[in-house]
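To keep things clear, I will list the structure first and then write my remarks on it.
The values are calculated or read from the model by the stated rules, or taken from the named source; none is laboratory data. The shown structure was predicted, so the numbers you read here are calculated from the model rather than taken from an experiment. So basically every Cβ, Gly included, is an ideal-geometry build from the backbone, and we count neighbours across all protein chains shown. For the accessible areas, the whole protein counts, side chains as well, though only heavy atoms, and no ligand, DNA or RNA atoms are used. Shrake-Rupley method; radii C 1.70, N 1.55, O 1.52, S 1.80 Å.
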Amino acid sequence: MKSHNPAVAEQQRLRARALELGNSGDASGQMELLELLRSGFSEVRRLAASALGKIVSGSPNAALVSEYLVRTAESDDHPQVRQYALKSLAKYPNAAVAHLDRLRDIARDPNLKDYVRSAASDVIAAAQAANREAYSRKHHWCTRCKGIIHDEAIFLKGMDLFGKPYCQHCLDERILEANNFELVVDEAKALRTDDGTAVQSRGERRVADFLSSRRIAYIYDERYRIAGDIRIRPDFYLPEFDLYIEYWGMVTPEYVANMKKKLMLYQRAGKKLISLSFRDFDRIEAVLEEKLSRYIRL
């Protein structure tokens, strides 16, 4: 008997469609399933996530599917939907390699259910195995010295840390350079926000204090892989909304060149970004509120 409640009837229709697409085994149904991942019904999203793991063979959209599944695993309101998204992502291990950083964040998040974190760990293991298999099939050359990398573990370590392959010698140099840079950045964090975060500038402090006052969770100055091997270090990342905030505080030629490169990377990865300038400093709260309202309800 069909329900006379329109919402229930629509949920039943979408559930049936997700099951039908998954059981068909036809990869052409992936795009429709990605739309169903955005349904307002959690059961429909769960079934859509599960179905995406059943139609892997011949998939022309593995990179896109993996991105949607990771986003679902990061942000869905229902832990079972997150779990099923991760279970399906494990069926796309080669594509999942691009999301190892994000998967590690999920796996170590103490606020998530144990079965969600365990599913993330399973995807990480599958992606790492895919990396090892790919390595065994071809030679890899060091990004810096162009020599052949003979040690698989060194290749994987370079990819994991920097998204690029390095030989042992060049990797040691690259790690030292990164550590020195981190030290300079950490020493520049001389200001404290209301919640105790150490930041580099007064503008960043006002941004952080505004976010805290609105109870918007943020992560400050952490490195993320945003697409493939592209890594970026945003001033602020709002994990609940997959939204980035940059406060551009200088105008030196080197700084502006780096800013333009960073903006290009955000655009190429299709990420949501709010840009703030030192010119906004006197009214930064009002500017930030207006720009945030385009993405979230304040």
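Here are some notes:
- For the chain, the Kirkwood hydrodynamic radius comes to 21.4 Å, computed from all pairs of different C-alpha atoms.
- Note that the stretch 88-149 shows a convex hull volume over its alpha carbon atoms of 87 Å³ per residue.
- Tyr237, Tyr84, ranked by accessible area, largest first (probe 1.4 Å): Tyr84, Tyr237
- Cα pair distances exceeding 21 angstrom across the stretch 1-127, given as percent: 36 percent
- Under 20 Å from Lys157, Cα to Cα: aspartates and glutamates that are on another chain or at least 8 residues apart: Asp101, Asp105, Asp122, Glu133, Asp172, Glu173, Glu177, Glu182, Glu222, Asp229
- Cβ-derived FRET efficiency at R0 35 Å, Arg104 paired with Ala16, nearest 0.05: 0.45
- Residue-normalised accessible area of the stretch 1-99, given per residue in Å² at a 1.4 Å probe: 50 Å²
- Accessible surface of Phe41 - all protein chains present, 1.4 Å probe, nearest 10 Å²: 60 Å²
- Surface accessible to a 1.4 Å probe, Val97 within the full protein complex, Å²: 30 Å²
- Apolar share of the accessible surface for the stretch 140-298: 52 percent from carbon plus sulfur atoms, 1.4 Å probe.
- Using a Gaussian network model of the chain in which every pair of alpha carbons under 10 angstrom is joined by a spring, one finds that among Asn61, Asn94, Asn258 the greatest mean-square fluctuation is at Asn258.
- Using the Cβ-Cβ distance between Val251 and Glu285 with R0 = 25 Å, the FRET efficiency computed as 1/(1 + (r/R0)^6) comes to roughly 0.65.
- The heavy atoms of His78 present about 80 square angstrom of accessible area, all protein chains included, probe 1.4 Å.
- Pairs of Lys in the stretch 1-134 closer than 26 Å at Cα, counting only those 8 or more apart or on different chains: 5
- Share, in percent, of DSSP beta bridges within the stretch 192-298 that are antiparallel, nearest 5: 60 percent
- Reachable lysines from Lys291, criterion Cα separation under 25 angstrom, eight or more residues apart if same chain: Lys260, Lys261, Lys262, Lys271, Lys272
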